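Since the structure comes first, as structure tokens, the remarks are kept for the end.
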Amino acid sequence: MKILVLGPSGTGKTTVCRDLSKKLNIKALHLDSVYWKKDWDRIGKDDFHHYIVNFVRKYDNWVIDGNYTNNKHFDLRLDLADVIIYLDYGKNESLKGIHKRAEIFKHQVRPDMAPGCLEGIDHIFLNYVSNFDKFKGKYLKAVISGYKNKKKVLIFKTRKELYDWYSSL
């Protein structure tokens, strides 16, 4: 099984990916852990693309979290996925999620991030999260709606909906 987990920051994509990996015994990949190198340096677009292509070729079953829609591998991930999950909890839940994460990992590096990538919130990130649904969220929903007749597309409006589905697996 191949699963994509998409959605705004703060909705728990990484946690869902990690939990599904354990429950289904499939390989997990957190795109942030590939994209962000030491001290918030970024991997080059070509290297990022090749890493993802090699990953999806190497593993028959996987779960990948992260959007990264402006990369060549976005369409590849969508095309290969059997299940596309979109966490659509709304702006307030996303903001609560990033604040909770920042509180838990304040001045620390999350386990899924590279060394030196200290957790924090700045104005740019708050603005991105606040406006996600207006721009990137609309785009993501439009793109994945094109897959509804080809794949299992699950859009969760609440964490409870997600956990009810997760419990049914």
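The values are calculated or read from the model by the stated rules, or taken from the named source; none is laboratory data. Since this is a predicted model, take the numbers as computed values, not measurements. When we count neighbours, we look across all protein chains shown, and the Cβ atoms used for this are built from the backbone with ideal geometry, even at glycine. Just so you know, the surface numbers come from the protein's heavy atoms only, side chains and all, with ligands and any DNA or RNA stripped out. Shrake-Rupley method; radii C 1.70, N 1.55, O 1.52, S 1.80 Å.
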Between a residue in region 71-97 that is open to solvent by 60 Å² or more (accessible area, probe 1.4 Å) and any residue that is at pLDDT below 95 and part of a helix (DSSP H, G or I), which pairs come within a Cβ distance under 7 Å, given they are 6 or more apart or on different chains? K91/S130; K91/D133
Could you check, for region 23-40, whether at least one of its residues is in contact with a helix residue (DSSP H, G or I) (Cβ under 9 Å, 6 or more places away or on another chain), surrounded by fewer than 17 Cβ atoms within 10 Å (Cβ to Cβ) and under 23 Å from T158 (Cα atoms)? yes
Of the conditions (1) acidic (D, E); (2) within 17 Å of L162 (Cα to Cα); (3) not in a helix (DSSP H, G or I), the single one that E93 does not satisfy is (3)
Would you check if K2 is touching a Leu at 6+ places or on another chain (Cβ under 7 Å), surrounded by 22 or more Cβ atoms within 10 Å (Cβ to Cβ) and at pLDDT 95 or above? no
Can you tell me which residue within region 98-144, out of those that are in a helix (DSSP H, G or I), closer than 17 Å to V5 by Cα and in contact with a strand residue (DSSP E or B) (Cβ under 8 Å, 6 or more places away or on another chain), is most open to solvent (accessible area, probe 1.4 Å)? K141
Of the residues in region 145-162, how many are open to solvent by 40 Å² or more (accessible area, probe 1.4 Å) and aromatic (F, W, Y)? 0
